[in-house]
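Every number in this text was worked out from the coordinates using simple rules, so none of it is lab data. Since the model is a prediction, treat every value here as computed from it, not as a measurement. Here the Cβ is made from the backbone with ideal geometry for all residues, glycine too, and neighbour counts use every protein chain on show.
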Amino acid sequence: MITDRHLAQGPRVGIRPFTADDREEFTRRARESADEHRPWLFPPADTAGYDAYLEKLREPAREGYLICTRDDGALAGYLTINNIVHGGFRCGAIGYGAFAHAAGRGLMTEGLHLVLRHAFDVLGLHRLEANIQPGNERSIALVQRAGFRLEGFSPDFLFIGGAWRDHERWAITSEMV
């Protein structure tokens, strides 16, 4: 069981920061999962992309977490908090993805709950938002299981995969967890 690097643990998964040592497994899992991810997301699938992603996660307004199975430390997915604003707002926007071998097993649900507790209790955030493309049923189901509420619809909201894509806006506050 790999536990020494986890920031938080549940029965089956732990969350921990991204590291350069995760490059090979992360990019391999991203390539294996490309059919499930498209057109919703495009995680880095090569060394240069991963290194650039890791560098972005070092910015003060971002946090990144790998969701790892506790029994063997394998990467099940990842979750990032972007556009973090402190002060009176104390908010961030999450992005996430499950790797194909772990999909449908509840590991992302467990990992999302761990990240929510970490974001609210350790980072001191009050609100997290998830912007999800309307056809991404798995992603919508994930945030619904975690207690997010639908707050609106934004046409042409994010530029993903070469196109401006519509998104539903989902959110959760610390009081809802």
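What size of dipole, in debye to the nearest 20, comes out for the chain about its Cα centre when the only charges are +1 on Lys and Arg C-beta atoms and -1 on Asp and Glu C-beta atoms?
In total the dipole reaches around 280 debye.
For the range 31-40, take each phi angle, set θ = phi - 60°, evaluate the Karplus expression 6.51 cos²θ - 1.76 cosθ + 1.60, and give the result in whole Hz per residue in order, putting x for glycine and proline.
5, 5, 9, 4, 5, 6, 7, 6, x, 6
What does DSSP give for the range 1-148 in terms of the percent of beta bridges that are antiparallel, rounded to the nearest 5?
85 percent
Compute a Gaussian network model of the chain, connecting alpha carbons closer than 10 Å, and tell me which residue from Asp21, Asp71, Asp166 fluctuates the most.
Asp21
Hey, can you rank 103-111, 42-50, 149-157 by average C-beta count inside 10 Å, highest first?
Descending mean neighbour count gives 103-111, 42-50, 149-157.
What nm distance separates the two modelled labels at Val122 and Ala52, each placed 7 Å from Cα along Cα→Cβ?
It is 2.9 nm.
In units of 2.2 N^0.38 Å, what is the alpha-carbon radius of gyration of the chain?
The chain yields a ratio of 0.97.
Only Cα pairs under 8 Å and at least 6 apart count here; give the relative contact order of the chain as a rounded whole percent.
19 percent
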